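Read through the structure below, which is laid out as C-alpha coordinates, and then see the notes.
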Amino acid sequence: MVYTGQPSKGCATCRKRRIKCDEQVPQCGACLRVKQECPGYKNHFDLAWRDQTSVAKKGVERGKAKRKAARERQEAAEKSKLESTRKVSYAESSSSSSNSPGRIFTPESRHSSPSSSGGHSPPPVQDLWYPRLSYDPYLTILRPIPGEQALNFFFNNYVFPIRDPLARRGFFEYLGPIYMNSDKESPVKVSTMAVATSLMSGRMGQPADTPLSRSYYLQAVTHIKELVTQQRDCTSNELIFAVMLLQFYEATVGQLMKRSSTKQPHPHLDGATALIRHRGPWNFRDPVSKSLLLYVRSLLIDDAFKNNISIPEDVRTWSDYVPESEQIPGFRLDTINLDLANLQAKASSVIRSPLSPFRTSQLLEIHEQAFDIDSRLYDWSQNLPESWYYTRIFREDNIHPGLQLYQDHCDIYRTLFLASTWNRLRLSQIGVQNAILSCLKQLPSTPANLINQAVCQETIQQLADDICASVPFCLGSRMKPGRPGDPDVQYPRAPGKPKVVDHYHTGPAMGGWSLLIPLGTLTKMDIELREGQRGWIAGQMARTARIYNISNFPPKGPPKGPPKGAPKSAG
(Lines give C-alpha, C1' and ligand atoms only; values in the text may rest on other atoms or scores of the structure.)
Protein backbone atom coordinates (compact mmCIF):
# COMPACT_ATOMS: atom_id res chain seq x y z
CA MET A 1 0.00 0.00 0.00
CA VAL A 2 1.20 3.52 -0.73
CA TYR A 3 2.29 5.26 2.44
CA THR A 4 0.35 8.50 3.03
CA GLY A 5 1.14 9.18 6.68
CA GLN A 6 1.27 7.41 10.02
CA PRO A 7 -2.26 6.17 10.84
CA SER A 8 -3.87 7.88 13.81
CA LYS A 9 -5.09 5.52 16.52
CA GLY A 10 -7.24 8.18 18.19
CA CYS A 11 -11.02 8.25 18.32
CA ALA A 12 -13.05 9.69 15.43
CA THR A 13 -13.93 12.90 17.34
CA CYS A 14 -10.30 13.73 18.15
CA ARG A 15 -9.22 13.01 14.58
CA LYS A 16 -11.97 15.28 13.26
CA ARG A 17 -10.99 18.06 15.70
CA ARG A 18 -7.29 17.45 14.87
CA ILE A 19 -6.27 17.18 18.49
CA LYS A 20 -4.18 14.57 20.29
CA CYS A 21 -6.22 11.71 21.74
CA ASP A 22 -5.02 10.02 24.94
CA GLU A 23 -6.66 6.77 23.71
CA GLN A 24 -8.12 5.94 27.11
CA VAL A 25 -10.69 3.14 27.35
CA PRO A 26 -13.67 3.13 27.27
CA GLN A 27 -13.73 6.93 26.60
CA CYS A 28 -10.87 9.29 25.88
CA GLY A 29 -10.12 12.25 28.12
CA ALA A 30 -10.87 14.87 25.45
CA CYS A 31 -14.45 13.61 24.98
CA LEU A 32 -14.99 13.44 28.73
CA ARG A 33 -13.84 17.04 29.14
CA VAL A 34 -16.40 18.34 26.63
CA LYS A 35 -19.04 15.95 28.05
CA GLN A 36 -19.80 14.11 24.85
CA GLU A 37 -19.92 10.43 24.06
CA CYS A 38 -16.65 9.02 22.73
CA PRO A 39 -17.23 7.07 19.47
CA GLY A 40 -14.39 4.61 20.27
CA TYR A 41 -11.41 3.47 18.22
CA LYS A 42 -10.80 1.73 14.94
CA ASN A 43 -9.54 -1.83 14.90
CA HIS A 44 -5.72 -1.95 14.53
CA PHE A 45 -6.10 -4.55 11.79
CA ASP A 46 -8.26 -2.14 9.78
CA LEU A 47 -5.70 0.64 10.33
CA ALA A 48 -2.93 -1.53 8.89
CA TRP A 49 -5.04 -2.15 5.79
CA ARG A 50 -6.73 1.23 5.34
CA ASP A 51 -7.24 2.51 1.80
CA GLN A 52 -4.15 4.51 0.84
CA THR A 53 -4.46 4.60 -2.93
CA SER A 54 -6.17 7.96 -3.49
CA VAL A 55 -2.97 10.00 -3.26
CA ALA A 56 -1.13 7.55 -5.51
CA LYS A 57 -3.92 7.66 -8.09
CA LYS A 58 -3.72 11.46 -8.27
CA GLY A 59 0.03 11.24 -8.82
CA VAL A 60 -0.45 8.66 -11.57
CA GLU A 61 -3.06 10.83 -13.32
CA ARG A 62 -0.76 13.86 -13.23
CA GLY A 63 2.08 11.77 -14.61
CA LYS A 64 -0.16 10.42 -17.38
CA ALA A 65 -1.15 13.93 -18.42
CA LYS A 66 2.50 15.04 -18.60
CA ARG A 67 3.56 11.99 -20.56
CA LYS A 68 0.62 12.34 -22.94
CA ALA A 69 1.55 15.95 -23.71
CA ALA A 70 5.20 14.96 -24.22
CA ARG A 71 4.18 12.06 -26.45
CA GLU A 72 1.98 14.31 -28.59
CA ARG A 73 4.84 16.76 -29.04
CA GLN A 74 7.21 13.94 -29.97
CA GLU A 75 4.73 12.43 -32.45
CA ALA A 76 4.22 15.82 -34.06
CA ALA A 77 7.96 16.25 -34.49
CA GLU A 78 8.35 12.73 -35.88
CA LYS A 79 5.42 13.24 -38.25
CA SER A 80 7.11 16.35 -39.60
CA LYS A 81 10.33 14.40 -40.00
CA LEU A 82 8.56 11.58 -41.84
CA GLU A 83 6.86 14.03 -44.21
CA SER A 84 10.22 15.40 -45.22
CA THR A 85 11.58 11.86 -45.63
CA ARG A 86 8.74 10.83 -47.95
CA LYS A 87 9.81 13.48 -50.48
CA VAL A 88 12.58 11.08 -51.45
CA SER A 89 11.02 8.06 -53.13
CA TYR A 90 12.00 4.54 -52.16
CA ALA A 91 12.90 3.84 -55.78
CA GLU A 92 15.47 6.59 -55.76
CA SER A 93 16.97 5.44 -52.48
CA SER A 94 17.20 1.81 -53.62
CA SER A 95 19.54 2.75 -56.45
CA SER A 96 22.17 3.75 -53.90
CA SER A 97 24.29 1.35 -51.91
CA SER A 98 22.50 -0.60 -49.21
CA ASN A 99 25.26 0.38 -46.80
CA SER A 100 24.91 4.07 -47.46
CA PRO A 101 25.16 5.87 -44.11
CA GLY A 102 22.53 8.42 -45.11
CA ARG A 103 19.82 5.90 -45.92
CA ILE A 104 16.65 6.20 -43.80
CA PHE A 105 13.88 3.63 -43.70
CA THR A 106 10.41 4.67 -42.65
CA PRO A 107 8.12 2.37 -40.63
CA GLU A 108 6.25 1.56 -43.85
CA SER A 109 9.42 0.47 -45.68
CA ARG A 110 10.23 -2.25 -43.18
CA HIS A 111 7.24 -4.25 -44.49
CA SER A 112 8.27 -3.94 -48.17
CA SER A 113 8.60 -7.20 -50.01
CA PRO A 114 11.98 -8.30 -51.41
CA SER A 115 10.76 -7.79 -54.96
CA SER A 116 9.99 -4.15 -54.32
CA SER A 117 13.63 -3.49 -53.52
CA GLY A 118 15.25 -5.21 -56.41
CA GLY A 119 15.24 -8.64 -54.75
CA HIS A 120 17.23 -7.50 -51.71
CA SER A 121 15.78 -7.24 -48.20
CA PRO A 122 16.37 -3.86 -46.56
CA PRO A 123 18.74 -3.75 -43.59
CA PRO A 124 17.37 -3.58 -40.03
CA VAL A 125 15.31 -0.46 -39.47
CA GLN A 126 16.02 2.08 -36.81
CA ASP A 127 12.68 2.48 -35.01
CA LEU A 128 11.69 6.11 -35.46
CA TRP A 129 9.01 5.89 -32.77
CA TYR A 130 11.13 4.43 -29.96
CA PRO A 131 14.81 5.47 -29.97
CA ARG A 132 17.32 2.65 -29.65
CA LEU A 133 19.05 2.28 -26.25
CA SER A 134 22.76 2.63 -26.70
CA TYR A 135 23.78 0.23 -23.93
CA ASP A 136 21.58 -2.81 -24.57
CA PRO A 137 20.26 -3.54 -28.07
CA TYR A 138 18.38 -6.58 -26.77
CA LEU A 139 15.90 -4.37 -24.93
CA THR A 140 15.00 -1.98 -27.73
CA ILE A 141 11.92 -3.95 -28.70
CA LEU A 142 10.45 -3.52 -25.24
CA ARG A 143 9.27 0.10 -25.44
CA PRO A 144 6.62 0.24 -24.17
CA ILE A 145 7.25 -2.84 -22.01
CA PRO A 146 4.94 -5.74 -22.90
CA GLY A 147 3.82 -7.63 -19.81
CA GLU A 148 4.89 -11.08 -21.03
CA GLN A 149 8.42 -10.02 -21.87
CA ALA A 150 8.80 -8.26 -18.52
CA LEU A 151 7.55 -11.40 -16.81
CA ASN A 152 10.05 -13.56 -18.68
CA PHE A 153 12.84 -11.15 -17.77
CA PHE A 154 11.84 -11.32 -14.09
CA PHE A 155 11.60 -15.10 -13.84
CA ASN A 156 14.77 -15.70 -15.85
CA ASN A 157 16.90 -13.28 -13.83
CA TYR A 158 15.45 -13.07 -10.33
CA VAL A 159 13.49 -16.24 -9.53
CA PHE A 160 15.63 -19.31 -9.05
CA PRO A 161 14.60 -22.80 -7.91
CA ILE A 162 15.96 -24.29 -4.71
CA ARG A 163 19.35 -25.85 -5.41
CA ASP A 164 20.92 -25.95 -1.95
CA PRO A 165 18.27 -26.82 0.71
CA LEU A 166 20.41 -25.03 3.32
CA ALA A 167 20.69 -21.82 1.26
CA ARG A 168 17.21 -20.56 2.01
CA ARG A 169 15.93 -17.34 3.52
CA GLY A 170 13.51 -15.80 1.03
CA PHE A 171 10.25 -16.86 -0.57
CA PHE A 172 10.98 -16.39 -4.28
CA GLU A 173 11.89 -20.05 -4.66
CA TYR A 174 8.17 -20.86 -4.32
CA LEU A 175 6.92 -18.07 -6.58
CA GLY A 176 6.94 -20.15 -9.78
CA PRO A 177 4.51 -22.86 -8.58
CA ILE A 178 2.32 -20.34 -6.72
CA TYR A 179 2.11 -18.12 -9.80
CA MET A 180 1.28 -20.98 -12.18
CA ASN A 181 -1.47 -22.33 -9.90
CA SER A 182 -3.13 -18.95 -9.24
CA ASP A 183 -6.20 -17.53 -10.97
CA LYS A 184 -5.67 -15.03 -13.76
CA GLU A 185 -6.91 -12.09 -11.65
CA SER A 186 -5.38 -13.24 -8.37
CA PRO A 187 -3.42 -10.66 -6.34
CA VAL A 188 -0.31 -12.83 -6.67
CA LYS A 189 -0.27 -12.56 -10.46
CA VAL A 190 -1.00 -8.83 -10.47
CA SER A 191 1.64 -8.19 -7.77
CA THR A 192 4.16 -10.24 -9.73
CA MET A 193 3.48 -8.15 -12.83
CA ALA A 194 4.04 -4.97 -10.80
CA VAL A 195 7.44 -6.21 -9.64
CA ALA A 196 8.43 -7.56 -13.06
CA THR A 197 7.58 -4.38 -14.99
CA SER A 198 9.26 -2.21 -12.35
CA LEU A 199 12.53 -4.17 -12.52
CA MET A 200 12.38 -4.19 -16.31
CA SER A 201 11.86 -0.43 -16.39
CA GLY A 202 14.89 0.11 -14.19
CA ARG A 203 16.93 -2.15 -16.47
CA MET A 204 15.93 -0.03 -19.48
CA GLY A 205 16.90 3.24 -17.81
CA GLN A 206 13.29 4.34 -17.28
CA PRO A 207 11.82 5.40 -13.91
CA ALA A 208 10.96 2.31 -11.87
CA ASP A 209 7.54 3.66 -10.94
CA THR A 210 6.12 3.72 -14.49
CA PRO A 211 2.38 4.00 -15.21
CA LEU A 212 2.36 0.35 -16.25
CA SER A 213 3.97 -0.99 -13.06
CA ARG A 214 1.99 1.44 -10.90
CA SER A 215 -1.29 0.34 -12.52
CA TYR A 216 -0.52 -3.30 -11.66
CA TYR A 217 0.45 -2.18 -8.17
CA LEU A 218 -2.81 -0.30 -7.60
CA GLN A 219 -4.83 -3.23 -8.95
CA ALA A 220 -3.14 -5.54 -6.45
CA VAL A 221 -3.67 -3.12 -3.56
CA THR A 222 -7.34 -2.76 -4.43
CA HIS A 223 -7.83 -6.52 -4.73
CA ILE A 224 -6.07 -7.19 -1.41
CA LYS A 225 -8.13 -4.47 0.26
CA GLU A 226 -11.34 -6.09 -0.96
CA LEU A 227 -10.29 -9.53 0.27
CA VAL A 228 -9.35 -8.23 3.71
CA THR A 229 -12.47 -6.09 4.04
CA GLN A 230 -14.69 -9.03 3.13
CA GLN A 231 -12.65 -11.39 5.34
CA ARG A 232 -12.03 -13.70 2.39
CA ASP A 233 -8.85 -15.74 2.02
CA CYS A 234 -7.22 -13.86 4.92
CA THR A 235 -5.58 -17.09 6.06
CA SER A 236 -4.28 -18.16 2.65
CA ASN A 237 -0.63 -18.36 1.63
CA GLU A 238 -1.50 -16.62 -1.61
CA LEU A 239 -2.64 -13.42 0.11
CA ILE A 240 0.51 -13.14 2.23
CA PHE A 241 2.57 -13.92 -0.89
CA ALA A 242 0.89 -11.03 -2.72
CA VAL A 243 1.48 -8.65 0.20
CA MET A 244 5.18 -9.55 0.38
CA LEU A 245 5.52 -9.01 -3.37
CA LEU A 246 4.13 -5.50 -2.87
CA GLN A 247 6.65 -5.03 -0.05
CA PHE A 248 9.38 -6.09 -2.49
CA TYR A 249 7.95 -3.66 -5.07
CA GLU A 250 8.11 -0.74 -2.63
CA ALA A 251 11.66 -1.68 -1.63
CA THR A 252 12.72 -1.97 -5.29
CA VAL A 253 11.14 1.34 -6.28
CA GLY A 254 12.67 2.95 -3.20
CA GLN A 255 16.12 1.73 -4.26
CA LEU A 256 15.75 2.57 -7.95
CA MET A 257 14.33 6.02 -7.19
CA LYS A 258 16.69 6.31 -4.18
CA ARG A 259 14.09 7.55 -1.76
CA SER A 260 15.20 8.29 1.77
CA SER A 261 15.24 5.04 3.76
CA THR A 262 15.69 6.47 7.26
CA LYS A 263 13.12 4.78 9.47
CA GLN A 264 10.59 4.61 6.68
CA PRO A 265 7.30 2.89 7.55
CA HIS A 266 6.57 -0.44 5.90
CA PRO A 267 2.80 -0.69 5.42
CA HIS A 268 3.01 -3.99 3.55
CA LEU A 269 5.32 -5.55 6.13
CA ASP A 270 2.94 -4.34 8.85
CA GLY A 271 0.04 -5.80 6.87
CA ALA A 272 1.78 -9.18 6.49
CA THR A 273 2.52 -9.20 10.22
CA ALA A 274 -1.15 -8.48 10.96
CA LEU A 275 -2.22 -11.34 8.65
CA ILE A 276 0.17 -13.75 10.39
CA ARG A 277 -1.17 -12.78 13.81
CA HIS A 278 -4.73 -13.09 12.52
CA ARG A 279 -4.07 -16.56 11.15
CA GLY A 280 -1.87 -17.65 14.06
CA PRO A 281 1.74 -18.77 13.49
CA TRP A 282 0.83 -22.29 14.67
CA ASN A 283 -1.29 -22.67 11.51
CA PHE A 284 1.71 -22.29 9.19
CA ARG A 285 2.37 -25.98 8.54
CA ASP A 286 3.20 -26.56 4.86
CA PRO A 287 6.62 -25.70 3.35
CA VAL A 288 5.35 -22.56 1.55
CA SER A 289 3.63 -21.08 4.61
CA LYS A 290 6.64 -21.86 6.81
CA SER A 291 8.90 -20.10 4.32
CA LEU A 292 6.61 -17.04 4.38
CA LEU A 293 6.51 -17.00 8.18
CA LEU A 294 10.29 -17.10 8.50
CA TYR A 295 10.79 -14.57 5.71
CA VAL A 296 8.52 -11.99 7.37
CA ARG A 297 10.33 -12.67 10.65
CA SER A 298 13.67 -12.06 8.91
CA LEU A 299 12.49 -8.71 7.51
CA LEU A 300 11.24 -7.59 10.93
CA ILE A 301 14.59 -8.51 12.49
CA ASP A 302 16.56 -6.68 9.77
CA ASP A 303 14.37 -3.60 10.18
CA ALA A 304 14.82 -3.61 13.97
CA PHE A 305 18.59 -4.06 13.62
CA LYS A 306 18.79 -1.21 11.12
CA ASN A 307 16.74 1.24 13.20
CA ASN A 308 17.88 0.31 16.74
CA ILE A 309 14.43 -0.76 17.89
CA SER A 310 13.37 -3.82 19.86
CA ILE A 311 11.42 -6.69 18.32
CA PRO A 312 7.95 -7.72 19.59
CA GLU A 313 8.18 -10.77 21.83
CA ASP A 314 5.71 -12.82 19.78
CA VAL A 315 7.96 -12.55 16.71
CA ARG A 316 10.70 -14.40 18.62
CA THR A 317 8.39 -17.40 19.08
CA TRP A 318 7.49 -17.76 15.39
CA SER A 319 10.49 -19.98 14.73
CA ASP A 320 9.26 -22.37 17.46
CA TYR A 321 6.53 -23.44 15.03
CA VAL A 322 9.17 -24.31 12.41
CA PRO A 323 11.62 -26.48 14.40
CA GLU A 324 13.42 -27.56 11.24
CA SER A 325 14.55 -23.94 10.76
CA GLU A 326 17.41 -24.67 13.16
CA GLN A 327 18.93 -26.78 10.39
CA ILE A 328 19.13 -23.77 8.04
CA PRO A 329 22.12 -21.45 8.71
CA GLY A 330 20.34 -18.30 7.49
CA PHE A 331 17.50 -18.72 9.98
CA ARG A 332 19.93 -19.49 12.81
CA LEU A 333 21.69 -16.22 12.01
CA ASP A 334 18.32 -14.45 12.16
CA THR A 335 17.79 -15.75 15.71
CA ILE A 336 21.15 -14.36 16.81
CA ASN A 337 20.40 -11.04 15.10
CA LEU A 338 17.07 -10.88 16.94
CA ASP A 339 18.94 -10.83 20.25
CA LEU A 340 21.43 -8.35 18.81
CA ALA A 341 18.66 -5.95 17.70
CA ASN A 342 17.11 -6.02 21.17
CA LEU A 343 20.54 -5.47 22.73
CA GLN A 344 21.25 -2.50 20.45
CA ALA A 345 17.92 -0.91 21.37
CA LYS A 346 18.66 -1.42 25.06
CA ALA A 347 22.22 -0.06 24.75
CA SER A 348 21.00 3.03 22.90
CA SER A 349 18.51 3.76 25.68
CA VAL A 350 21.00 3.21 28.51
CA ILE A 351 23.75 5.34 26.91
CA ARG A 352 21.31 8.27 26.64
CA SER A 353 20.26 7.95 30.29
CA PRO A 354 21.83 10.21 33.00
CA LEU A 355 24.88 9.07 34.97
CA SER A 356 24.12 6.88 37.97
CA PRO A 357 25.44 3.71 39.68
CA PHE A 358 22.51 1.81 38.16
CA ARG A 359 23.53 3.02 34.69
CA THR A 360 27.05 1.65 35.22
CA SER A 361 25.69 -1.76 36.20
CA GLN A 362 23.46 -1.74 33.11
CA LEU A 363 26.45 -0.92 30.88
CA LEU A 364 28.42 -3.84 32.35
CA GLU A 365 25.43 -6.12 31.75
CA ILE A 366 25.14 -4.98 28.12
CA HIS A 367 28.89 -5.47 27.72
CA GLU A 368 28.61 -9.07 28.93
CA GLN A 369 25.58 -9.81 26.72
CA ALA A 370 27.39 -8.35 23.69
CA PHE A 371 30.36 -10.66 24.28
CA ASP A 372 27.97 -13.62 24.43
CA ILE A 373 26.35 -12.63 21.10
CA ASP A 374 29.78 -12.12 19.53
CA SER A 375 30.75 -15.64 20.62
CA ARG A 376 27.53 -17.05 19.09
CA LEU A 377 28.24 -15.28 15.81
CA TYR A 378 31.76 -16.70 15.73
CA ASP A 379 30.46 -20.22 16.44
CA TRP A 380 27.92 -19.78 13.63
CA SER A 381 30.71 -18.91 11.18
CA GLN A 382 32.73 -21.98 12.23
CA ASN A 383 29.90 -24.48 11.77
CA LEU A 384 28.86 -23.93 8.17
CA PRO A 385 28.87 -26.46 5.33
CA GLU A 386 32.26 -26.67 3.65
CA SER A 387 30.83 -25.24 0.43
CA TRP A 388 29.79 -22.03 2.18
CA TYR A 389 33.34 -20.81 2.80
CA TYR A 390 34.93 -18.37 0.36
CA THR A 391 38.28 -18.28 -1.38
CA ARG A 392 40.60 -15.27 -1.15
CA ILE A 393 42.80 -14.44 -4.13
CA PHE A 394 45.52 -11.78 -4.37
CA ARG A 395 46.77 -9.47 -7.06
CA GLU A 396 49.67 -11.77 -7.88
CA ASP A 397 47.08 -14.43 -8.81
CA ASN A 398 46.52 -12.48 -12.06
CA ILE A 399 43.34 -10.72 -11.03
CA HIS A 400 41.83 -9.02 -14.09
CA PRO A 401 42.91 -5.33 -14.16
CA GLY A 402 39.30 -4.23 -14.79
CA LEU A 403 38.27 -5.34 -11.29
CA GLN A 404 38.31 -2.50 -8.75
CA LEU A 405 40.07 -3.68 -5.57
CA TYR A 406 40.15 -1.75 -2.32
CA GLN A 407 43.23 -3.63 -1.15
CA ASP A 408 45.38 -6.19 -2.95
CA HIS A 409 42.84 -9.02 -2.74
CA CYS A 410 39.21 -10.02 -3.22
CA ASP A 411 37.00 -12.95 -2.19
CA ILE A 412 35.20 -15.52 -4.34
CA TYR A 413 31.98 -17.22 -3.22
CA ARG A 414 30.02 -20.08 -4.72
CA THR A 415 26.87 -17.95 -5.10
CA LEU A 416 25.65 -14.40 -4.56
CA PHE A 417 23.44 -15.71 -1.76
CA LEU A 418 26.51 -16.82 0.18
CA ALA A 419 28.24 -13.48 -0.44
CA SER A 420 25.17 -11.68 0.94
CA THR A 421 24.98 -14.03 3.93
CA TRP A 422 28.62 -13.45 4.85
CA ASN A 423 28.13 -9.69 4.57
CA ARG A 424 25.08 -9.95 6.85
CA LEU A 425 27.28 -11.76 9.37
CA ARG A 426 29.94 -9.04 9.11
CA LEU A 427 27.40 -6.28 9.68
CA SER A 428 26.13 -8.14 12.75
CA GLN A 429 29.67 -8.53 14.06
CA ILE A 430 30.33 -4.83 13.46
CA GLY A 431 27.12 -4.05 15.37
CA VAL A 432 28.28 -6.17 18.31
CA GLN A 433 31.76 -4.64 18.35
CA ASN A 434 30.28 -1.16 18.14
CA ALA A 435 27.97 -1.91 21.10
CA ILE A 436 30.96 -3.16 23.12
CA LEU A 437 32.98 -0.10 22.11
CA SER A 438 30.14 2.26 23.10
CA CYS A 439 29.92 0.66 26.53
CA LEU A 440 33.70 0.80 27.05
CA LYS A 441 33.73 4.52 26.22
CA GLN A 442 31.17 5.13 28.98
CA LEU A 443 33.23 3.26 31.60
CA PRO A 444 36.41 4.50 33.36
CA SER A 445 39.42 4.78 31.04
CA THR A 446 41.71 2.16 32.57
CA PRO A 447 44.67 0.71 30.58
CA ALA A 448 42.74 -2.53 30.06
CA ASN A 449 39.72 -0.55 28.85
CA LEU A 450 41.79 1.35 26.30
CA ILE A 451 43.36 -1.88 25.01
CA ASN A 452 39.91 -3.41 24.59
CA GLN A 453 38.73 -0.32 22.71
CA ALA A 454 41.68 -0.66 20.32
CA VAL A 455 40.87 -4.34 19.75
CA CYS A 456 37.24 -3.48 18.96
CA GLN A 457 38.28 -0.77 16.52
CA GLU A 458 40.76 -3.10 14.79
CA THR A 459 38.06 -5.80 14.47
CA ILE A 460 35.56 -3.33 12.98
CA GLN A 461 38.15 -2.19 10.43
CA GLN A 462 38.93 -5.77 9.39
CA LEU A 463 35.23 -6.61 8.96
CA ALA A 464 34.72 -3.47 6.86
CA ASP A 465 37.69 -4.47 4.68
CA ASP A 466 36.15 -7.92 4.19
CA ILE A 467 32.90 -6.36 2.98
CA CYS A 468 34.87 -4.25 0.50
CA ALA A 469 36.64 -7.40 -0.68
CA SER A 470 33.26 -8.81 -1.85
CA VAL A 471 32.68 -5.94 -4.31
CA PRO A 472 34.64 -7.42 -7.27
CA PHE A 473 32.72 -10.70 -7.00
CA CYS A 474 29.36 -8.89 -6.98
CA LEU A 475 30.01 -6.25 -9.64
CA GLY A 476 32.83 -7.72 -11.69
CA SER A 477 34.36 -5.27 -14.16
CA ARG A 478 31.01 -3.69 -15.06
CA MET A 479 30.91 0.09 -15.32
CA LYS A 480 27.60 0.57 -17.15
CA PRO A 481 24.31 -1.27 -17.74
CA GLY A 482 24.53 -4.48 -19.70
CA ARG A 483 22.91 -7.85 -20.21
CA PRO A 484 23.29 -11.15 -18.32
CA GLY A 485 25.99 -13.35 -19.80
CA ASP A 486 27.92 -10.49 -21.40
CA PRO A 487 31.30 -12.09 -22.28
CA ASP A 488 33.08 -8.73 -21.97
CA VAL A 489 32.35 -8.57 -18.21
CA GLN A 490 35.02 -10.19 -16.07
CA TYR A 491 34.57 -11.69 -12.61
CA PRO A 492 37.32 -12.93 -10.30
CA ARG A 493 38.08 -16.64 -10.25
CA ALA A 494 40.52 -18.84 -8.40
CA PRO A 495 43.75 -19.74 -10.24
CA GLY A 496 43.47 -22.97 -12.21
CA LYS A 497 39.69 -23.20 -11.82
CA PRO A 498 37.08 -22.60 -14.55
CA LYS A 499 34.78 -19.63 -14.30
CA VAL A 500 31.40 -20.11 -12.64
CA VAL A 501 29.05 -19.88 -15.62
CA ASP A 502 25.95 -19.34 -13.46
CA HIS A 503 27.52 -16.28 -11.89
CA TYR A 504 27.80 -14.60 -15.29
CA HIS A 505 24.00 -14.83 -15.44
CA THR A 506 23.01 -14.07 -11.82
CA GLY A 507 25.80 -11.56 -11.15
CA PRO A 508 24.57 -8.84 -13.56
CA ALA A 509 20.99 -9.26 -12.35
CA MET A 510 21.50 -9.42 -8.58
CA GLY A 511 25.12 -8.53 -7.78
CA GLY A 512 24.64 -4.80 -7.27
CA TRP A 513 21.45 -5.25 -5.24
CA SER A 514 23.31 -7.52 -2.83
CA LEU A 515 25.87 -4.74 -2.22
CA LEU A 516 23.59 -1.77 -1.56
CA ILE A 517 22.64 -2.76 1.99
CA PRO A 518 26.10 -3.70 3.35
CA LEU A 519 27.87 -0.76 1.69
CA GLY A 520 25.09 1.68 2.58
CA THR A 521 25.03 0.47 6.19
CA LEU A 522 28.80 0.89 6.47
CA THR A 523 28.59 4.53 5.38
CA LYS A 524 25.80 5.29 7.88
CA MET A 525 27.11 3.44 10.95
CA ASP A 526 28.78 5.50 13.65
CA ILE A 527 32.14 3.77 13.29
CA GLU A 528 35.69 4.86 12.50
CA LEU A 529 37.10 3.63 9.19
CA ARG A 530 40.48 4.04 7.56
CA GLU A 531 40.98 7.43 5.94
CA GLY A 532 39.52 7.46 2.43
CA GLN A 533 37.58 4.20 2.81
CA ARG A 534 34.18 5.89 3.02
CA GLY A 535 35.01 7.71 -0.22
CA TRP A 536 35.91 4.43 -1.94
CA ILE A 537 32.67 2.85 -0.69
CA ALA A 538 30.66 5.86 -1.89
CA GLY A 539 32.32 5.53 -5.29
CA GLN A 540 31.32 1.85 -5.54
CA MET A 541 27.74 2.72 -4.56
CA ALA A 542 27.65 5.39 -7.26
CA ARG A 543 29.02 2.85 -9.73
CA THR A 544 26.27 0.43 -8.69
CA ALA A 545 23.69 3.19 -9.16
CA ARG A 546 25.00 3.83 -12.68
CA ILE A 547 24.93 0.14 -13.60
CA TYR A 548 21.38 -0.39 -12.32
CA ASN A 549 19.97 2.99 -13.39
CA ILE A 550 19.26 4.09 -9.82
CA SER A 551 18.29 7.75 -10.01
CA ASN A 552 19.02 10.57 -7.54
CA PHE A 553 21.84 8.59 -5.98
CA PRO A 554 24.57 10.71 -4.35
CA PRO A 555 27.47 10.93 -4.92
CA LYS A 556 27.30 11.51 -8.67
CA GLY A 557 30.17 9.18 -9.46
CA PRO A 558 33.16 7.29 -8.08
CA PRO A 559 36.37 9.17 -7.39
CA LYS A 560 38.64 9.24 -10.42
CA GLY A 561 41.89 7.35 -10.14
CA PRO A 562 43.05 5.41 -7.06
CA PRO A 563 40.86 6.09 -3.99
CA LYS A 564 42.28 8.74 -1.75
CA GLY A 565 43.55 7.29 1.48
CA ALA A 566 43.26 3.66 0.33
CA PRO A 567 46.14 1.30 1.03
CA LYS A 568 49.05 1.71 -1.37
CA SER A 569 48.38 -1.71 -2.85
CA ALA A 570 44.86 -0.74 -3.89
CA GLY A 571 44.13 -0.55 -7.60
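The values are calculated or read from the model by the stated rules, or taken from the named source; none is laboratory data. The shown structure was predicted, so the numbers you read here are calculated from the model rather than taken from an experiment. FYI the Cβ positions are ideal-geometry reconstructions off the backbone, even for glycines, and counts take in every protein chain you see. When the accessible area is computed, the model is the full protein with side chains, heavy atoms only, and any ligands, DNA or RNA have been set aside. Shrake-Rupley method; radii C 1.70, N 1.55, O 1.52, S 1.80 Å.
Could you name the aspartates and glutamates in cross-link range of K346, using Cα to Cα under 12 Å and dropping any fewer than eight places away on the same chain?
Cross-link targets: E365.
So if each residue of separation counts as 0.36 nm, and I subtract the Cα-Cα distance between E458 and E386, what length gain in nm does that give?
Full-extension gain reported as 23.2 nm.
Got the relative contact order for the range 417-544 handy, in percent, Cα pairs under 8 Å and 6 or more residues apart?
With pairs under 8 Å counted, the relative contact order is 28 percent.
Which residues does the label zone of E528 cover in the range 417-440, counting backbone N under 13 Å from a point 7 Å along Cα→Cβ?
Zone members listed by number: 437-438.
Between the range 377-393 and the range 487-525, what is the C-alpha centre distance in whole Å?
Going from one Cα centre to the other spans 18 Å.
Assuming R0 = 45 Å, can you tell me the calculated FRET efficiency for the pair Q442 and R395, based on Cβ-Cβ distance, to the nearest 0.05?
With a Förster radius of 45 Å, E is 0.60.
Report, in whole Å, the centroid distance computed from the Cα atoms of the range 531-548 and the range 466-484.
11
Could you compute the FRET efficiency for D22 and I309, with r as their C-beta to C-beta distance and R0 at 22 Å, rounded to 0.05?
Computed FRET efficiency for D22 and I309: 0.40.
As an exercise, use a Förster radius of 25 Å and the Cβ-Cβ distance of M180 and D233 to find the FRET efficiency, rounded to the nearest 0.05.
Rounded to the nearest 0.05, the efficiency is 0.85.
Counting only other residues whose beta carbon sits under 11 Å from that of Q404, what net charge do I get with K and R as +1, D and E as -1?
Net of charged neighbours comes to +2.
Which shape class applies to the range 171-216: rounded if a/c is under 1.5, otherwise prolate when a/b exceeds b/c and oblate if not, where a ≥ b ≥ c are the square roots of the Cα gyration tensor eigenvalues?
It comes out oblate by the Cα gyration axes.
Can you give me the % of accessible surface on the range 203-256 that is carbon or sulfur? Probe 1.4 Å, all protein chains present, nothing else counted.
Here carbon and sulfur together make up 52 percent of the probe-accessible area.
For labels at I351 and N449 in the simple 7 Å Cα→Cβ model, what's the distance in nm?
It is 1.5 nm.
Mind ranking 520-530, 337-347 by how tightly packed they are, going by the mean number of other C-beta atoms within 10 angstrom, highest first?
337-347, 520-530
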